[in-house]
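Participant: Submitted below is the structure of interest, expressed as C-alpha cells.
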Amino acid sequence: MMSEAPSPGTPATTDPLPGLVDLLRPLVTHWKPWLLGSLLVGVIALGVSFLMTPIYTARTSFLPPQQQQSGLAAALSSLGGLAGLAGVGASIRSPADQYVALLQSVTVQDRLVDQFKLQQVYEAKYRFAARQTLAQASRIAVGKKDGLISVEVDDPDPTRAADLANAYVEELRRLTSVLAVSEAQQRRAFFEKELKDARDQLAKAQDDLQASGFNLGALRAEPKAAAEGYARLRAEITAAEVRAQVMRATLAENSPELQRQLSQITALRSQLARLEQAADSSAGPDYVSKYREYKYRETLFELFARQYEIARVDESREGALIQVVDPATPPEYKSKPKRGLIAVIATLMSLLLIGMVILLRHAWRQGSPQATR
C-alpha cells in the first residue's frame with residue numbers, strides 16, 4: 001500500500017532541532033575567540049580585584065534591655081489573631097526597633113564622626129557626607145529568632161572597624177542613660193518632675209505658714225485631724241488627675257480603665273466640695289488656711305514620692321543593662337572584594353556578551369546583499 005502524499009494545503013511539519021543547530025553553529029565555529037576571550041576577561045577582572053582596597057567587617061551583638069510587658073500589650077497579646085484583625089497589633093513596635101533607631105540616629109553618628117575623625121578618614125568635606133558614608137558602611141539589624149541586635153561595620157582598617165562597632169554599643173548606653181525609652185522610664189521621669197515641683201511648693205507653703213504666726217493655738221481653732229483630712233482629700237484628687245494623665249498616654253479615651261479613673265476623680269471632687277461648703281472659710285485667722293495648704297502640699301509630696309519609688313523599682317526590674325554577647329574584635333580576613341566571585345561573574349558576562357556579538361555578526365552577514373548573491 002502506497003502512502004498518501006500530503007495535500008498542497010497541509011503545512012509541513014518542521015523539526016525545531018535543525019533550527020537550533022543552525023543558531024548555535026556560529027558559536028561552535030568561533031569557539032576559540034568565544035571561550036578564550038571570556039577567560040581573558042575573567043583573568044583581567046581577577047587581576048583588577050587585587051588592586052582594589054581590601055575591606056574588613058567587624059561584628060558585635062548584644063542583648064537589648066528587657067522590658068516588662070505593659071497591661072495594654074498583655075491585653076492585646078491575649079487576643080491573638082483578633083488583634084491583627086482589629087488592626088492594633090501593627091501599631092505596637094518592638095522595643096528592639098527603638099534601640100535600632102537610636103543607633104541610627106544623627107546624634108550617635110555625629111559622636112562617632114567626631115570620635116574617630118571620620119571626615120578625614122572618608123575624605124569628606126562636610127559632616128553630613130561623613131555620616132552618609134558611615135551609614136553605608138554600617139549594618140544594624142535585629143535577629144528574628146534570638147532577638148539580639150547585631151552591628152556590622154566595614155572599614156579598610158580592621159582595628160578601626162572593631163572600634164567603631166563597639167563604639168556604637170557605648171553610645172547606645174550613653175543615650176539610654178539620659179533618655180526615657182521604656183514605659184517605666186517614662187513614668188519615672190514624669191514623677192521625678194512632679195516630685196521636684198511638689199517639693200518646691202511644699203517649701204513655699206512651709207514658709208508661708210511660718211510667716212503667718214502659726215502656733216499651738218491654731219490647732220484649737222482648726223483641729224489637726226480636720227485639716228489633715230482636707231489636705232489628704234485634695235492630694236488624692238491631684239494624684240488621681242496625674243494618674244489619669246499618665247493613662248491617657250497609653251490608653252484610648254473610652255477605655256474602661258480611664259473611665260473608671262475619671263469617675264473616681266469626679267467623686268473625690270464632689271466630696272471636697274461638700275467639705276468646703278460645710279466649713280466656714282471666712283471664719284478664723286489666716287494661718288488656718290495656711291496650715292491647710294501646708295498639709296495639702298505635704299501629703300501631695302508623699303504621694304508623688306511613693307509613685308516615684310514605684311516607677312524606679314519597675315525601671316530596675318526591666319533590666320536596663322545592655323549586655324554584650326559578642327564584642328567586636330579586629331577581623332583576621334577581609335570580607336571584600338570577593339576575588340573569585342568577581343572573576344566568575346566577569347567570565348559568565350563575557351560569555352554572554354561575546355556570544356551575542358558572534359550571533360549578531362553572523363546574522364548580519366547572512367542578511368547582507370553580498371551573502372545573498
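Participant: Please report Thr159, Thr53 as a ranked list, fewest other C-beta atoms within 10 angstrom at the top and most at the bottom. Intermediate values should be presented prior to the final figure.
Facilitator: Numbers: Thr159 13, Thr53 8.
Sorted ascending by nearby Cβ count, the order is Thr53, Thr159.
Participant: Continuing with this model, one more query. If R₀ is 56 angstrom, what is the calculated FRET efficiency for the pair Asp200 and Asp97, using the beta carbon separation as r and rounding to 0.05?
Facilitator: 0.90
Participant: Between Glu241 and Arg260, 0.36 nm times their residue separation minus their Cα-Cα distance comes to what?
Facilitator: Extending this stretch completely gives an extra 5.6 nm.
Participant: Another question, if that's okay. Taking the simple approach of a point 7 Å from Cα along Cα-to-Cβ for both Lys193 and Tyr126, what is their distance in nm?
Facilitator: 3.5
Participant: Here's another thing I want to ask about it. Report the gain in length on full extension from Thr107 to Val324: 0.36 nm times residue separation, minus Cα-Cα distance, nm rounded to one decimal.
Facilitator: 76.0 nm
Participant: Rank the residues Leu164, Leu202 as a footprinting-exposure proxy: fewest other Cβ atoms within 10 Å of their Cβ go first.
Facilitator: Values: Leu164 25, Leu202 19.
Fewest-to-most Cβ neighbours within 10 Å comes out as Leu202, Leu164.
Participant: Using a simple spin-label model with points 7 Å from Cα along the Cα→Cβ vector, what separation in nm is obtained for Lys145 and Lys336?
Facilitator: Result: 2.7 nm between the two label points.
Participant: Using the 10 angstrom Cβ neighbour count as an exposure proxy, how do Thr266, Thr57 rank, fewest first? Intermediate results must be reported in sequence, preceding the final value.
Facilitator: Values: Thr266 12, Thr57 20.
In increasing order of surrounding Cβ atoms, one gets Thr266, Thr57.
Participant: Spin-label point model (7 Å from Cα, Cβ direction): what's the Arg365 to Glu253 distance in nm?
Facilitator: Here the modelled spin labels are 8.3 nm apart.
Just so you know, all these numbers are worked out from the coordinates, no wet-lab data involved. Being a predicted model, the structure only gives us computed values, none of them experimental. All Cβ positions, glycine included, derive from the backbone under ideal geometry; neighbour counts span all protein chains shown.
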